[in-house]
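The values are calculated or read from the model by the stated rules, or taken from the named source; none is laboratory data. In this text the structure is predicted, and so the values were computed from the model without any measurement. Because the Cβ atoms are built from the backbone with ideal geometry, glycine has one as well, and the counts that use them run over all protein chains shown.
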């Protein structure tokens with residue numbers, strides 16, 4: 001890649017994805033107007049401008065990060081990696097005070113030492129910047145540019161993280177409980193369900209409120225990245241004005257008139273207090289009713305509601321029998337409410353056995369590094 005980096009460029013972009021959610025993020029990108037999407041495990045590649053970088057960071061609900069692919073080339077020796085990295089126009093991208101950490105990973109490559117590859121890439125960039133800026137030392141106290149070198153089958157791929165913090169960090173969850181569900185996973189669970197804003201949504205194990213809050217954001221068409229910062233907002237090739245414009249557009253399409261019926265319950269008082277605080281942080285207190293109650297004691301009517309939930313998994317031996325009973329009771333609770341659609345994510349691999357019913361569909365997902373299954377039980381279409 002030899003062209004200059006500026007905000008008039010069309011960039012090769014990559015949205016990284018949790019395994020199993022590629023189709024969800026593909027649909028999100030299509031909805032945003034992107035075409036020619038290349039989907040593979042855990043990532044989707046596409047083209048976009050500086051404005052598109054901002055739009056993706058602000059609007060993508062289930063992606064993990066948005067990267068620019070800066071270069072891809074074969075590298076069989078460290079000398080080749082150094083020379084080809086140094087040949088890139090780094091001064092067009094990195095200001096003299098840029099902070100540019102280099103991370104890395106490797107797979108089936110002769111350059112199998114990722115620490116050495118990171119060091120070589122960092123050194124090549126420094127040497128190029130020394131020539132460009134005519135300085136010998138860099139403070140790295142300016143804007144952050146997180147770079148990554150991937151050595152995959154002897155191909156070097158250099159990418160730049162436009163997001164900074166992961167996209168699951170929406171900014172509303174100041175207080176999270178134990179084993180929190182990532183916001184990106186919660187949003188995907190909702191998008192994989194048959195819920196729409198006209199139907200009741202209930203989370204009987206709401207914890208810190210992530211699923212109900214993400215549903216309310218979807219229902220009101222609130223962009224998930226409205227209240228947070230991104231590394232690329234501080235770069236010359238994107239910038240704060242681009243982000244300001246995209247955020248203003250996102251604010252203009254929020255649906256302030258829709259009426260939502262979203263419920264979240266938990267037996268833990270601290271969890272309910274966290275959930276209420278989190279909803280208040282994003283201005284959704286009036287859209288979600290959080291209350292402390294055992295799900296067995298919640299009165300529900302047979303009105304085509306939707307349950308989307310992340311129940312306890314029972315990680316310690318003493319908890320397993322309690323979890324089995326909980327899942328039996330959950331199944332019994334909704335056996336009579338046969339118009340409801342039920343969606344459950346859990347790492348407990350015998351869930352169907354104790355719930356008492358085989359799921360209509362089961363998806364393997366990952367919440368962080370924990371393998372989980374997403375069980376989907378479809379109720380009838382509302383009349």
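Observations
- Residue that is out of contact with any strand residue (DSSP E or B) (no Cβ under 8 Å at 6 or more places or on another chain), in the same structural domain as residue 154 (by TED's automatic domain parsing), within 16 Å of residue 188 (Cβ to Cβ) and surrounded by fewer than 17 Cβ atoms within 10 Å (Cβ to Cβ), where the choices are 27, 61: 27
- Yes/no for residue 73 being over 17 Å from the mean Cα position of the chain (by Cα) and without any contact (Cβ under 8 Å) to a residue 40 or more places away in the chain: no
- A single member of 300, 326, 284 is in a helix (DSSP H, G or I) and within 20 Å of residue 263 (Cα to Cα), and it is 326.
- Selection from the range 228-257 of residues that are farther than 16 Å from residue 162 by Cβ and part of a loop (DSSP other than H, G, I, E, B): 253, 254, 255, 256, 257
- Hits in the range 351-383 - residues which are under 22 Å from residue 296 (Cβ atoms) and touching a residue at least 24 places away in the same chain (Cβ under 8 Å): 351, 354, 355, 356, 357, 375, 377, 379
- The condition (being farther than 30 Å from residue 99 by Cα, free of Cβ contacts under 8 Å to residues at least 24 places away in the same chain and not assigned by TED's automatic domain parsing to the domain that holds residue 56) is satisfied by just one residue among 299, 294: 299.
- Any hit, the range 154-165, residues being over 21 Å from the mean Cα position of the chain (by Cα) and surrounded by 19 or more Cβ atoms within 10 Å (Cβ to Cβ): yes
- Any chance residue 311 is over 20 Å from residue 207 (Cα atoms) and in a loop (DSSP other than H, G, I, E, B): no
- Yes/no for residue 332 being farther than 30 Å from residue 254 by Cα and either without any contact (Cβ under 8 Å) to a residue 24 or more places away in the chain or loosely packed, with under 13 Cβ neighbours inside 10 Å (or both): yes
- Restricting attention to the range 363-383, the residues that are exposed (fewer than 11 other Cβ atoms within 10 Å of the Cβ) and farther than 21 Å from residue 63 by Cβ total 3.
- Those residues of the range 183-219 which are crowded, with 19+ Cβ neighbours inside 10 Å, assigned to a loop (DSSP other than H, G, I, E, B) and either at positive phi or out of contact with any strand residue (DSSP E or B) (no Cβ under 6 Å at 6 or more places or on another chain) (or both), in sequence order: 192, 207, 208, 209
- The sole residue among 74, 79, 51 that is surrounded by fewer than 18 Cβ atoms within 10 Å (Cβ to Cβ) and either under 30 Å from residue 250 (Cα atoms) or not assigned by TED's automatic domain parsing to the domain that holds residue 151 (or both) is 51.
- Test: residue in the range 332-339 that is touching a strand residue (DSSP E or B) at 6+ places or on another chain (Cβ under 8 Å), part of a helix (DSSP H, G or I) and modelled with pLDDT of 90 or more: yes
- Among the residues of the range 119-144, those identified as in contact with a helix residue (DSSP H, G or I) (Cβ under 7 Å, 6 or more places away or on another chain), outside any helix (DSSP H, G or I) and surrounded by 15 or more Cβ atoms within 10 Å (Cβ to Cβ) are 138, 143, 144.
Per-residue answers, yes or no, for (1) over 17 Å from residue 15 (Cα atoms); (2) in contact with a helix residue (DSSP H, G or I) (Cβ under 6 Å, 6 or more places away or on another chain):
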| site | (1), (2) |
| --- | --- |
| 64 | no, no |
| 73 | yes, yes |
| 77 | yes, no |
| 81 | yes, yes |
| 86 | yes, yes |
| 93 | yes, no |
| 99 | yes, no |
| 117 | yes, no |
